[in-house]
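Shown next, in structure tokens, is the structure this report addresses.
The values are calculated or read from the model by the stated rules, or taken from the named source; none is laboratory data. All values derive from a computational prediction rather than experimental measurement. Virtual Cβ from ideal backbone geometry, glycine too; neighbours counted across all protein chains shown. SASA here: full protein model, heavy atoms, side chains in, ligands and nucleic acids out. Shrake-Rupley method; radii C 1.70, N 1.55, O 1.52, S 1.80 Å.
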Amino acid sequence: MKILVPTDFSKKAYSALHYSLKLFKGKSCVFYLLSIREVSDYISDDLLQSDANESLYDSLILKNRKKLGELVKDLENQYSGEDYTFKTIADYNGFTDAIKRVIALEKIDLIVMGSNGTRGAKELIFGSHSLRVIRKVPAPVLVVPQDYLYNGLEKILLSLDYDQVFDPAEIEPLKKIIPGTQAFVEFLQMKSEDFDEVLWKDQKEKLNNSFRDIKLNFQTITGVPFAAAVSSFVQIQKPGLIVLQAEKENYLERIFHASNISSIIKKTTIPVLILHPTP
């Protein structure tokens, strides 16, 4: 299992990293720790403090490489009993472009990112890093709320909006997470007035075949907004993970973050795994 964990060395990034390390305990994994310093964030104070002979590349990269090295030493000590390999990458400029490069070169299975929601006008307009990755990078993304502690994975909510259908191939990232847990999967399908019962029966059969060794329960809800239905289900059933399919957002949704995915990620108090439709 190859897992990419972008980090800015913040509290939310550490929370996501340690969650993933505990989630995959007992499995053989390679963790790619990626530090990205965007030039747009490189303020004049940084330039004033840098050495006159130091290149912009060195100023942007070397400090983060040192931080990554120190982080790996700590992780190797804390998780010495696990079959974990840590690799570090320091890059600059183009946050999603840097992630795409690593995914293409290393054949990454999963991206893990921290989130503390969106705050302030700038973030409301431009979006959090997590949302940017979900929209622009066609790879599974696990978003972990800041300060969320891993306490096992007993119940998972797998939910689809009215017009969404899961291909069993899209479930593979989730199936890599579940082994070793006693997870119970609740499948929640939003149901419209013209709901195709034949398609629903076919989907249930495919999912049952895909999760042969996992307890799977099916539920449908009619006439409730998707984000509200997921929120209510989480409050009542208290799952340890929400699994959603990435949406095709239009321009206005991207500007105002009005989509279901954005709404759920901003408010969630539990991890969310975002799966992308197969090409």
Query raised in the report: When the range 132-179 is examined, which residues are found to be of a type in the set (Asp, Glu), modelled with pLDDT of 80 or more and either open to solvent by less than 20 Å² (accessible area, probe 1.4 Å) or touching a strand residue (DSSP E or B) at 6+ places or on another chain (Cβ under 7 Å) (or both)?
Result: Glu154
Query raised in the report: Can we say Leu244 is under 24 Å from Lys22 (Cβ atoms), at pLDDT 75 or above, open to solvent by less than 10 Å² (accessible area, probe 1.4 Å) and part of a helix (DSSP H, G or I)?
Result: no
Report summary line: When restricted to Glu170, Glu154, the only residue touching a His at 6+ places or on another chain (Cβ under 8 Å), among the charged types (D, E, K, R) and within 16 Å of Leu273 (Cβ to Cβ) is Glu170
Query - Residues (open to solvent by 70 Å² or more (accessible area, probe 1.4 Å) and either part of a strand (DSSP E or B) or touching a residue at least 24 places away in the same chain (Cβ under 8 Å) (or both)) located in the range 180-218 - result: Gly180, Gln182, Glu193, Leu199, Lys206, Asn209, Lys215
Requested in this report: Filter the range 15-29 down to residues that are open to solvent by 50 Å² or more (accessible area, probe 1.4 Å) and either under 8 Å from Tyr150 (Cα atoms) or among the charged types (D, E, K, R) (or both), then give me how many there are.
Outcome: 2
Report task. Please enumerate the residues belonging to the range 221-231 that are on the phi < 0 side of the Ramachandran plot and either among the aromatic types (Phe, Trp, Tyr) or open to solvent by 60 Å² or more (accessible area, probe 1.4 Å) (or both). Result -> Thr222, Pro225, Phe226
